[in-house]
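Participant: To start, I am sharing the structure in question, which I have written as structure tokens.
The values are calculated or read from the model by the stated rules, or taken from the named source; none is laboratory data. A quick note: this is a predicted structure, and the numbers were derived from the prediction, not measured. Positions of Cβ are generated from backbone atoms using ideal geometry, with glycine treated the same way; all protein chains shown enter the neighbour counts. Ligands, DNA and RNA are stripped out before the accessible areas are found, and what is left, the full protein with its side chains, is counted by its heavy atoms. Shrake-Rupley method; radii C 1.70, N 1.55, O 1.52, S 1.80 Å.
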Amino acid sequence: MSLAVDTRGIVEALRPRRDAVRRRLAAVRRRVRARLLLSGLAWTWGALFAFAVLSLAADWLLRLSLPVRLSLAGAAGAVFVGVVWRRLISPLGVRLNDLDLAALLDRRCPGVGQRVASVLQLPKLIEERVWASPGMVQAAVLEHAQALESADLRSAFNHKAHRRMLLFIAVTGMAAAGFAYRFPQTTALWARRWFTGSNERWPQKTYLILSGLGDAGRLLVPRGESLLIEVDAQPHFTGQPGVWKLAGRGETLSVRSMERPGTTVPESVAIAYRPGDGPVKQGNFTHYSDALFRYEIPAVSEPLDFSITGGDDWFGPIRLEPIDRPGVKSIRIQARRPGRDEVETHTAEGADAQLLFVPDTELTLDLTADVPLAAANLSAKEGTAPTLKRLDATRYTTQWVMKEAQTFQIGLVSEEGGLTSKPYYLSIGLLIDREPRVSIRSSGVGRRVTPQARIPLALHAADDFGLATLALEMERAVPKEEKPETKTEHIGLDLPAGASSGALSTDVDLQTTLSLSERLLEPGTLLKLRAQATDDRAQGAQTGSSRWLTFQIVTPEELFYEILMRQRAERAKFGSALESAKAQSETLATVPSADAAFALVRKHQVIARQVWQVANRLEVTLTEMELNDLGSSQARELLRTKVIDAIRQMHAEPMTRLRVALDSVAADPSANDPLSEARELAQEVVDQMGKILEQMAQWENFVDVLNQLKAIVKLQSGVLEATEEEKKKRTQELFDD
């Protein structure tokens with residue numbers, strides 16, 4: 001028991017020594033932790049400083065985009081976290097007990113660590129159970145404790161490294177503070193670009209914008225058309241001192257400056273774009289003005305992206321999207337003419353459509369576009385254009401009253417992109433409702449007619465919109481001793497119905513015959529005829545007239561004598577043709593040469609033509625006789641059957657066969673059969689022509705006899721009338737007495 005008591009006393013005696021060592025170790029532990037904290041802070045600050053310097057330099061020189069900055073910031077963040085963990089958090093988290101500190105001290109001061117371990121560990125050998133000699137333990141502890149009291153534990157620390165770290169932190173900190181103080185805007189811009197993801201640009205010498213771009217980030221171009229883009233190198237900044245903004249780059253560019261940023265015009269501006277899946281194309285803008293550059297992108301059919309660079313500025317990619325221009329799908333015009341209830345519908349297909357309307361026509365225009373529209377308008381070069389009213393996204397309408405001819409330009413603006421249409425012109429002309437156009441002609445009679453004549457008339461009338469009436473105007477100038485008496489008569493004619501029920505005819509051809517026997521015209525009367533037509537014009541009916549046809553009323557004897565003289569002239573021509581036919585027959589009596597045969601063919605053609613013309617002219621005189629009621633029906637029938645029909649029959653049969661035979665003779669004059677046939681036919685033609693000529697003479701004699709009989713009958717009738725008149729006169733005188 002005494003030994004145990006003595007051991008406890010030794011342990012208690014050694015406690016102050018051990019506590020002194022522990023206190024010194026605690027001071028060392030605090031110093032070590034301070035050094036570790038300083039080292040970790042130095043590394044942390046160094047990492048931040050290096051990131052700031054490198055990011056500032058790289059961003060300033062390379063103008064890094066946001067994705068690149070985010071990538072680099074992420075990588076730097078990972079490195080920074082590693083440095084903080086390894087150099088700051090992990091070392092500070094290590095628990096340094098006394099023995100660990102002893103081991104660390106022994107590395108810097110050999111033997112010190114062993115003494116510290118001896119002072120702290122040897123008393124444990126005699127605390128509970130005695131494992132060693134208490135005296136020796138006490139002696140060893142006192143010896144090591146006394147040695148430690150004189151040992152300089154601060155020498156174990158590297159004071160130069162401590163000062164270097166402090167110097168590094170101080171110098172870099174002052175450098176960062178000085179830079180931030182000297183260049184606050186640069187520092188703030190760097191912080192915004194790296195820590196807030198701002199796309200605010202570093203200060204530049206050049207600023208470019210794309211005219212018409214705005215902040216949409218895309219341009220719309222008509223599909224299949226080229227696009228002329230314009231870059232302005234001296235744009236106008238908006239905003240206020242401190243924050244200036246620049247549009248026209250796809251996204252608004254912000255520049256922080258107290259003064260409005262200036263710009264320097266670059267020497268060149270370049271563009272890069274990729275059409276479809278093809279390779280990237282590059283080109284240079286044309287510098288056509290002080291600060292303006294232009295470039296034409298070829299026809300665009302598919303979307304493409306392009307970027308623009310110039311000087312130290314760049315922007316893009318800008319999306320170029322082709323869309324269809326708005327166009328006119330259909331134009332329908334409904335017209336209601338003045339005075340009408342029905343509505344006409346017209347369509348205008350293209351600029352060549354002809355639209356003509358009379359004045360005061362009420363017009364309604366319906367326009368349909370092929371794409372949804374934001375707006376549509378009509379403009380007129382002269383006058384005022386009506387306003388289009390929106391019905392839906394693609395349809396517009398307007399109404400007006402036609403007063404004058406106009407040409408409208410239709411402008412369409414699409415909803416998508418506000419793209420305007422190509423110029424589309426619509427011409428609406430003023431249709432003047434002219435008076436009816438009328439013509440009249442007579443046939444079968446000449447300008448001299450008898451009082452019993454029937455005059456065949458052919459009338460043609462046309463009007464722009466429809467004929468209301470058609471009539472004949474007859475003017476008679478009856479000869480008098482002092483002054484001719486003029487009478488006018490209107491004869492109404494029936495118009496045929498129009499193409500549809502109730503419609504008026506716009507074009508009329510009418511055949512009619514005017515009989516003069518009912519009007520008891522005296523010989524010597526001057527008869528004038530013309531056709532007249534009126535329309536149904538709402539502003540007032542218009543009348544159109546044809547030219548005058550003039551006829552002289554003559555006695556039947558006078559006209560018959562005139563016609564007979566013409567027939568005699570035709571008989572003389574026929575007799576001349578007969579003489580030529582006889583000469584032809586005589587020539588065929590011999591064998592003609594080739595030249596003579598050809599001459600016979602030509603001569604026969606002349607004879608045939610003369611014969612046919614005589615028949616035609618005789619038929620004209622026959623028609624005139626029939627229409628003027630000249631001669632008897634028996635006389636006219638004789639002229640037709642015995643003369644005219646006989647001439648035509650001769651021309652159709654023997655003269656035609658003679659022509660064929662003569663052609664054969666001309667081909668081979670020595671051939672007997674064609675020559676014999678030609679001789680027979682030539683003689684047959686001569687015989688028939690002789691008979692016809694005799695029929696002409698007989699018909700003329702027959703007419704002379706008839707005329708003489710008519711003259712005798714007329715004379716007798718005159719004597720009888722005079723006798724009756726004298727008888728009446730004497731009877732009246734007898735009763736008067």
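Participant: Considering (1) farther than 30 Å from residue 618 by Cβ; (2) at pLDDT 85 or above; (3) not in a strand (DSSP E or B), say which one residue 379 fails and leave the rest.
Facilitator: For residue 379, the failing item is (3).
Participant: Another one. Regarding the stretch 540-550, can at least one residue be identified that is open to solvent by less than 40 Å² (accessible area, probe 1.4 Å), within 30 Å of residue 630 (Cα to Cα), touching a Leu at 6+ places or on another chain (Cβ under 9 Å) and not polar (S, T, N, Q)?
Facilitator: Yes, that holds for at least one residue.
Participant: Output the residues belonging to the stretch 596-608 that are open to solvent by 10 Å² or more (accessible area, probe 1.4 Å) and closer than 20 Å to residue 568 by Cα.
Facilitator: Correct list: 608 only.
Participant: Here's something else I'd like to know. Name the single residue, out of those in the stretch 215-237 being over 21 Å from residue 288 (Cα atoms) and not hydrophobic (A, V, I, L, M, F, W, C), that is surrounded by the most Cβ atoms within 10 Å (Cβ to Cβ).
Facilitator: Restricting to residues being over 21 Å from residue 288 (Cα atoms) and not hydrophobic (A, V, I, L, M, F, W, C), the top hit is 222.
Participant: Can you say whether residue 295 is in contact with a Leu (Cβ under 6 Å, 6 or more places away or on another chain) and hydroxyl-bearing (Ser, Thr, Tyr), as far as the supplied structure shows?
Facilitator: Criteria not met by residue 295.
Participant: Within 30 Å of residue 621 (Cα to Cα), touching a residue at least 12 places away in the same chain (Cβ under 8 Å) and among the hydrophobic types (A, V, I, L, M, F, W, C): which single residue out of 470, 495, 521 fits that description?
Facilitator: Of the residues listed, the single one that is within 30 Å of residue 621 (Cα to Cα), touching a residue at least 12 places away in the same chain (Cβ under 8 Å) and among the hydrophobic types (A, V, I, L, M, F, W, C) is 521.
Participant: If I go through the stretch 665-696 residue by residue, how many of them are open to solvent by less than 50 Å² (accessible area, probe 1.4 Å) and touching a Pro at 6+ places or on another chain (Cβ under 8 Å)?
Facilitator: 5
Participant: Separate question: Considering only residues of the stretch 194-214 that are at pLDDT 85 or above and touching a helix residue (DSSP H, G or I) at 6+ places or on another chain (Cβ under 9 Å), which is surrounded by the fewest Cβ atoms within 10 Å (Cβ to Cβ)?
Facilitator: Ranking the candidates gives 195 first.
Participant: Checking residue 568 against (1) closer than 22 Å to residue 445 by Cβ; (2) under 60 Å from the mean Cα position of the chain (by Cα); (3) among the charged types (D, E, K, R); (4) open to solvent by 70 Å² or more (accessible area, probe 1.4 Å): exactly one of these is not met. Which one?
Facilitator: (2)
Participant: Another question, if that's okay. May I ask you to verify whether residue 332 is in contact with a Pro (Cβ under 7 Å, 6 or more places away or on another chain) and either closer than 29 Å to residue 62 by Cα or open to solvent by 30 Å² or more (accessible area, probe 1.4 Å) (or both)?
Facilitator: no
Participant: Can you go through 317, 298, 326, 279 and tell me which one is open to solvent by 80 Å² or more (accessible area, probe 1.4 Å), modelled with pLDDT under 90 and touching a Ser or Thr at 6+ places or on another chain (Cβ under 6 Å)?
Facilitator: Only one candidate qualifies: 317.
Participant: Moving to a separate point now. For the stretch 466-475, indicate whether the set of residues that are touching a Pro at 6+ places or on another chain (Cβ under 8 Å) and among the β-branched types (Val, Ile, Thr) is non-empty.
Facilitator: No, that holds for no residue.
Participant: I've got another one for you. Residue 611 versus (1) touching a Lys or Arg at 6+ places or on another chain (Cβ under 7 Å); (2) crowded, with 19+ Cβ neighbours inside 10 Å; (3) modelled with pLDDT of 90 or more: which is the lone unmet condition?
Facilitator: Only one criterion is unmet by residue 611, namely (1).
Participant: So, residue 409, is that one more than 17 Å from residue 359 (Cα to Cα) and touching a Lys or Arg at 6+ places or on another chain (Cβ under 9 Å) or not?
Facilitator: Here the answer is yes, as residue 409 does meet what is asked.
Participant: Let me ask something else about it. Any residue that is out of contact with any Gly (no Cβ under 8 Å at 6 or more places or on another chain), β-branched (Val, Ile, Thr), farther than 30 Å from residue 411 by Cβ and part of a strand (DSSP E or B) - is there at least one of those in the stretch 267-278?
Facilitator: Taking every residue of the stretch 267-278 in turn, none turns out to be out of contact with any Gly (no Cβ under 8 Å at 6 or more places or on another chain), β-branched (Val, Ile, Thr), farther than 30 Å from residue 411 by Cβ and part of a strand (DSSP E or B).
Participant: Of 347, 397, 384, which residue is open to solvent by 30 Å² or more (accessible area, probe 1.4 Å), touching a Lys or Arg at 6+ places or on another chain (Cβ under 6 Å), free of Cβ contacts under 8 Å to residues at least 60 places away in the same chain and of a type in the set (Val, Ile, Thr)?
Facilitator: That would be 347, the only listed residue that is open to solvent by 30 Å² or more (accessible area, probe 1.4 Å), touching a Lys or Arg at 6+ places or on another chain (Cβ under 6 Å), free of Cβ contacts under 8 Å to residues at least 60 places away in the same chain and of a type in the set (Val, Ile, Thr).
Participant: Select from the stretch 238-269 the residues that are surrounded by fewer than 16 Cβ atoms within 10 Å (Cβ to Cβ) and of a type in the set (D, E, K, R) and write down the one among them that is farthest from the chain's Cα centre (by Cα).
Facilitator: 259
Participant: Still on this structure, please answer the following. What tally of residues in the stretch 419-430 results from selecting those that are open to solvent by 40 Å² or more (accessible area, probe 1.4 Å) and not β-branched (Val, Ile, Thr)?
Facilitator: Counting residues in the stretch 419-430 that are open to solvent by 40 Å² or more (accessible area, probe 1.4 Å) and not β-branched (Val, Ile, Thr) gives 6.
Participant: Which members of the stretch 502-538 meet the condition of being among the polar types (S, T, N, Q) and open to solvent by less than 50 Å² (accessible area, probe 1.4 Å)?
Facilitator: Across the stretch 502-538, the qualifying residues are 505, 512, 515, 525, 532, 534.
Participant: So for the stretch 329-336 (the condition being part of a loop (DSSP other than H, G, I, E, B) and within 27 Å of residue 422 (Cβ to Cβ)), does at least one residue qualify?
Facilitator: no
Participant: Find the residue count for the stretch 48-67, including only residues that are closer than 21 Å to residue 197 by Cβ and either of a type in the set (Ser, Thr, Tyr) or open to solvent by less than 60 Å² (accessible area, probe 1.4 Å) (or both).
Facilitator: 11
Participant: I'm checking my understanding of the structure. Among residues of the stretch 467-486 that are part of a strand (DSSP E or B), closer than 13 Å to residue 522 by Cα and among the charged types (D, E, K, R), which one is least open to solvent (accessible area, probe 1.4 Å)?
Facilitator: 476
Participant: Here are 593, 632: which of them is over 22 Å from residue 456 (Cβ atoms) and either among the hydroxyl-bearing types (Ser, Thr, Tyr) or crowded, with 19+ Cβ neighbours inside 10 Å (or both)?
Facilitator: The unique qualifying residue is 593.
Participant: While we're on this one: State whether the residues of the stretch 584-591 include one that is without any contact (Cβ under 8 Å) to a residue 12 or more places away in the chain and closer than 19 Å to residue 674 by Cα.
Facilitator: yes
Participant: Restricting to the stretch 358-369, name every residue that is outside any loop (DSSP other than H, G, I, E, B), open to solvent by 10 Å² or more (accessible area, probe 1.4 Å) and in contact (Cβ under 8 Å) with a residue 40 or more places away in the chain.
Facilitator: Matches in the stretch 358-369: 362, 368.
This table checks each residue for (1) among the acidic types (Asp, Glu); (2) farther than 30 Å from residue 208 by Cβ.
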position	(1), (2)
301	no, no
341	yes, yes
344	yes, yes
357	no, yes
361	no, yes
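Participant: When you check residue 577 against the structure, is it assigned to a helix (DSSP H, G or I), out of contact with any strand residue (DSSP E or B) (no Cβ under 9 Å at 6 or more places or on another chain) and open to solvent by less than 10 Å² (accessible area, probe 1.4 Å), yes or no?
Facilitator: Considered against the rule, which asks whether it is assigned to a helix (DSSP H, G or I), out of contact with any strand residue (DSSP E or B) (no Cβ under 9 Å at 6 or more places or on another chain) and open to solvent by less than 10 Å² (accessible area, probe 1.4 Å), residue 577 comes out as yes.
Participant: I would also like to ask the following. Kindly provide the set of residues from the stretch 74-104 that are modelled with pLDDT of 85 or more and surrounded by 14 or more Cβ atoms within 10 Å (Cβ to Cβ), ordered by number.
Facilitator: The one that is modelled with pLDDT of 85 or more and surrounded by 14 or more Cβ atoms within 10 Å (Cβ to Cβ): 76.
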